[in-house]
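Undergrad: Can you read through this structure? Questions will come right after.
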Amino acid sequence: MFSKAIVKTPCRAMTNGITTADLGIPQFEVALEQHLDYIQALKDCGLEVLILDADENYPDSTFVEDVALLTPHCAILTNPGASTRRNETLSMLPILKQFYASVDLITAPGTVEAGDIMMVESHYYIGLSQRTNHQGAEQLISILEKNNMTGSIVTLEEVLHLKTGLGYLEGNNLLACGEFLTKPEFQKFNLMSVNEKESYAANSVWINGTVLVPFGFPKTKYLIEGKGYKVRTVDVSEFQKLDGGLSCLSLRF
Ligand code: CIR
């Protein structure tokens, strides 16, 4: 169960954020409204939400999930692989220190973005992507093992981050699409195959029994409800324009 979440208000400069999507430029005012509803959804799941101020220096800084991994035993500040995002970690450190006695760091030449990390109980799957490299993943595994947890590396080719195509919903249920459906390491889960046309919704998020699902993906919503979960939809269309999924808008702990 989670009790808190950290989010960061989108900045006007988000219109210059990194993207591979062909969905147009995000509308800042709409993004602000959507972000408020996202915060409300987190609160509806019983979380206390800590809101960091917008930072115009970092267009992608609202995607807080990428800059830290928060576990029940330790906090780890990552070293983002995207050069324009690297120093987003600086503004995250103070708030992490409020909640964790010490904060471990991923250091160069290692890079990690935590959108590449999927937690399944005390095991962490780490995707090797254009943003997370082998040295970063090895550093992360050492830190996890020092704290009595484990990690393993997953290769990926088709998507930005590991969790772009995967969402663990607890109870051994794993939303997956594309290349992840056939990976041997995920065959032990109850794989919930997300329709290719709704691949964005693979990044749905389990929070204390409720699953947050992006608005506009009815097949996936139906699939998740069919497993007995309560679903709360959240419209995050303006963040999707920047390749950002539901999970990357918050750090839950
Ligand atoms: C980026 O390319 O870094 C941002 N525009 C989107 C980051 C999305 N983060 C995530 O999926 N964990």
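The values are calculated or read from the model by the stated rules, or taken from the named source; none is laboratory data. What you see is a predicted model, and the numbers here were worked out from it, not measured in a lab. So basically every Cβ, Gly included, is an ideal-geometry build from the backbone, and we count neighbours across all protein chains shown. Areas reflect the complete protein model, heavy atoms only, side chains present, ligands, DNA and RNA absent. Shrake-Rupley method; radii C 1.70, N 1.55, O 1.52, S 1.80 Å.
Undergrad: Please give the length that would be gained between Val231 and Asn57 if that part of the chain were fully extended, namely 0.36 nm times their separation in residues minus their C-alpha to C-alpha distance (nm, one decimal).
TA: Values: separation 174, 0.36 × 174 = 62.64 nm, distance 3.48 nm.
Once the chain is fully extended between Val231 and Asn57, it gains 59.2 nm.
Undergrad: Also: Report, by chain and number, residues whose modeled amide H sits under 5 Å from the one on Met192, excluding near sequence neighbours (fewer than 5 apart, same chain).
TA: Leu174, Leu175, Ala176
Undergrad: Rounded, prolate or oblate: which one fits the range 121-253, using the alpha carbon gyration tensor with axes a ≥ b ≥ c (rounded when a/c is under 1.5, else prolate when a/b beats b/c, else oblate)? Display every interim value, and only then the final one.
TA: On the way: a/c = 1.62, a/b = 1.47, b/c = 1.10.
Judged from the Cα gyration tensor, the range 121-253 comes out prolate (a/c at least 1.5, a/b above b/c).
Undergrad: Here's another thing I want to ask about it. Cα centroid distance between the range 169-204 and the range 128-158, in Å?
TA: Cα centroid to Cα centroid, the span is 20 Å.
Undergrad: Just to make sure I understand: if all protein chains stay in place, what is the order of Ile141, Ile6, Ile25 by accessible area at 1.4 Å, largest first?
TA: Working: Ile141 20, Ile6 0, Ile25 120 Å².
Greatest to least solvent exposure: Ile25, Ile141, Ile6.
Undergrad: Would you mind checking the pairs Lys4/Lys183; Lys4/Lys188; Lys8/Lys227; Lys8/Lys146; Lys43/Lys241 and listing those with alpha carbons more than 28 angstrom apart?
TA: Working: Lys4/Lys183 32 Å; Lys4/Lys188 30 Å; Lys8/Lys227 32 Å; Lys8/Lys146 30 Å; Lys43/Lys241 25 Å.
Too far apart for the 28 Å limit: Lys4/Lys183; Lys4/Lys188; Lys8/Lys227; Lys8/Lys146.
Undergrad: Using a 1.4 angstrom probe on heavy atoms only, work out the carbon and sulfur share of the accessible area of the chain in %.
TA: Details: 5580 of 10940 Å².
Answer for the chain is 51 percent, counting heavy atoms of protein chains only.
Undergrad: Based on the Cβ-Cβ distance from Phe28 to Leu105, what FRET efficiency comes out when R0 is 30 Å, to the nearest 0.05? Mind dumping the intermediate values first?
TA: On the way: r = 32 Å, r/R0 = 1.07.
For Phe28 and Leu105, the calculated efficiency is 0.40.
Undergrad: So, one more: Amide H of Gly151: which non-local residues (sequence gap of 5 or more, or other chain) have their own amide H closer than 5 Å, using H built in the peptide plane?
TA: Those qualifying (amide H under 5 Å, at least 5 residues apart or on another chain) are Tyr124.
Undergrad: Under a 1.4 Å probe, what is the accessible area of the chain per residue, stated in Å²?
TA: So the chain comes to 43 Å² accessible per residue, rounded to a whole number.
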